[in-house]
Structures are given as structure tokens and as C-alpha cells.
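The values are calculated or read from the model by the stated rules, or taken from the named source; none is laboratory data. Computed from a predicted model, the values in this text were never measured in an experiment. For neighbour counting, all protein chains shown are included, and Cβ atoms are generated from backbone atoms with ideal geometry for every residue, glycine included.
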Amino acid sequence: MTPIFAEPAFWEERYRAGQTPWEFPGVPPALTRFLARHPAQAGDTVLVPGCGSGQELVAFAAAGYAVTAVDFSPTAVARARARVPAGVAVRILCADFFTCALPEAGFSLVYERTFVCALDPARWAAVTRRIATLLQPGGRWVGLFYEGPKEDRPPFGWERGEAERLLGARLVPEATLPVPAAESPALFAGREGWREWRRPAGS
Ligand SMILES: C[S@@+](CC[C@H](N)C(=O)[O-])C[C@H]1O[C@@H](n2cnc3c(N)ncnc32)[C@H](O)[C@@H]1O
């Protein structure tokens with residue numbers, strides 16, 4: 001049976017009701033630090049799956065990335081679009097990440113924050129496979145990963161070594177950095193980690 005949180009209506013209801021305890025009010029400091037370390041090179045592109053209200057999209061554009069974001073909640077997408085000033089090139093699709101058309105090997109970066117942990121763990125093999133396919137060889141999957149427990153509803157945490165088991169050789173770990181509790185909303189405080197994986201060049 002499809003869990004209710006796999007349906008757009010589950011998320012749409014929460015955005016409309018203003019019940020979004022996962023949201024960080026602004027650009028997460030860990031992302032600001034990453035962008036300072038890795039300013040975009042010419043032609044760099046980023047994909048933000050499950051972008052929600054899109055707190056980070058303008059920061060990626062300001063750092064020089066061509067930005068594509070996807071979310072299947074119309075209210076979240078409307079909020080994300082409203083944050084983008086006229087003339088800033090950010091493409092936001094209202095679509096299901098698993099089925100929408102995106103270019104294979106089309107992105108230098110895929111950014112994660114509370115998208116994977118919102119999915120049924122039974123879909124993690126599929127989501128990580130799709131992300132690896134969308135990355136260019138040499139591209140990176142980076143972001144804030146929830147490292148808490150796995151209960152019967154989202155958020156679902158990575159267990160120790162789980163990401164590596166899922167990713168196999170498709171993506172290789174590059175960095176793991178701590179995220180101070182003060183840099184997360186209460187729901188995730190002390191349980192988010194900054195992780196970076198790379199799709200090997202030539203893969
Ligand atoms: C916990 S929220 C995180 C939103 C945002 N990344 C943030 O940090 O605020 C999970 C988001 O994933 C979206 N989502 C879940 N499954 C999805 C799917 N299959 N396709 C597109 N979006 C999806 C939901 O609509 C929701 O906005």
C-alpha cells in the first residue's frame with residue numbers, strides 16, 4: 001500500500017496549514033559554507049529535489065549555478081517561485097521527482113535537505129539511483145542529511161553506513177561535516193550532518 005506521505009496531498013495540507021516544522025528559516029549556514037568553498041564554475045548546474053518553499057534557490061543562483069528545483073506540492077512551489085526575484089534564472093517544476101523529465105547526467109550538483117528523509121525508506125534505492133543518474137560524472141550530491149532514528153513516519157533517518165550500502169560504487173563519499181544543533185530547526189537539532197558524495201569521473 002502506498003503510504004500517505006508518498007502523495008502530494010499529505011505535504012500540500014501541511015504547507016497550507018503552516019505546519020512545516022522541517023523548514024529552516026533561511027539559507028542553512030552549512031550550505032553557505034559549502035558555496036564559499038565551491039563557487040560555481042562556468043556552466044555549473046544544480047538540482048534541488050523536494051525543494052519545498054525553496055529557501056536555498058536564490059543563494060545557489062547568486063553563487064553562479066543554473067538552478068532547477070522540483071516539488072510536487074503546488075503551495076510549496078508557489079512559495080518557492082515567489083522568493084525568486086524577476087530576472088534570476090531559477091526553474092521550479094511542480095512535478096513528481098520520480099517521474100518528471102530531467103536530463104540524464106545533466107547536473108554538476110544535486111542538493112539534499114529533508115527530501116530523502118521524507119520518503120519511504122523502501123524508495124531510497126530508487127531515489128539514490130535516480131540522483132546518481134542525473135549527476136554528471138565528477139558531479140556531487142551534497143547537503144544536510146537527517147541522521148536520526150527510523151520510526152513509522154517521516155522523517156526517516158539514515159542508519160550507520162546505510163547511505164554507503166545504498167550507493168555502492170555509484171557515488172563515493174568525499175566529506176562528512178558536523179552541523180551544530182543551533183543550525184537546525186528543533187525537529188532536526190543535533191541530528192543533521194553535512195555529507196558530500198561524488199559520482200566518479202568516467203563512470
Ligand atoms: C520535509 S519537506 C522538505 C522541503 C525542503 N527541502 C526543506 O528543506 O524545507 C519534503 C518535501 O519533499 C516533497 N516531496 C516528497 N515526495 C516528493 C516527490 N516524489 N516528488 C517531488 N516532491 C516530493 C514534499 O512536497 C515536501 O515539500
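Scoring Gly143 on the criteria (1) surrounded by 17 or more Cβ atoms within 10 Å (Cβ to Cβ); (2) away from the ligand (no atom under 16 Å from the Cβ); (3) of a type in the set (Gly, Ala, Ser) leaves a single failure, condition (2).
Provide a single number: the residues in the stretch 113-125 that are in contact (Cβ under 8 Å) with a residue 24 or more places away in the chain and more than 10 Å from the ligand (Cβ to nearest atom). Total satisfying the criteria: 3. A single member of Ala59, Ala78 is surrounded by fewer than 16 Cβ atoms within 10 Å (Cβ to Cβ), out of contact with any Asp or Glu (no Cβ under 7 Å at 6 or more places or on another chain), of a type outside the set (D, E, K, R) and not in a loop (DSSP other than H, G, I, E, B), and it is Ala78. Checked against the criterion of being assigned to a helix (DSSP H, G or I), at pLDDT 95 or above and of a type in the set (S, T, N, Q), the stretch 32-53 contains one or more residues that satisfy it. For Arg140, the conditions (1) in contact (Cβ under 8 Å) with a residue 24 or more places away in the chain; (2) part of a strand (DSSP E or B); (3) within 23 Å of Thr32 (Cβ to Cβ); (4) more than 14 Å from the chain's Cα centre (by Cα) are fulfilled apart from (4). Tell me, which residue of the stretch 24-50 that is surrounded by fewer than 17 Cβ atoms within 10 Å (Cβ to Cβ) and charged (D, E, K, R) is nearest to the chain's Cα centre (by Cα)? It comes out as Arg33.
Residues are listed down the side, and each one gets a yes or a no for (1) within 9 Å of the ligand (Cβ to nearest atom); (2) under 13 Å from the mean Cα position of the chain (by Cα); (3) of a type in the set (Phe, Trp, Tyr); (4) at pLDDT 95 or above:
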residue: Ala78; (1), (2), (3), (4): no, no, no, yes
residue: Ala95; (1), (2), (3), (4): yes, no, no, yes
residue: Tyr111; (1), (2), (3), (4): yes, yes, yes, yes
residue: Ile131; (1), (2), (3), (4): no, yes, no, yes
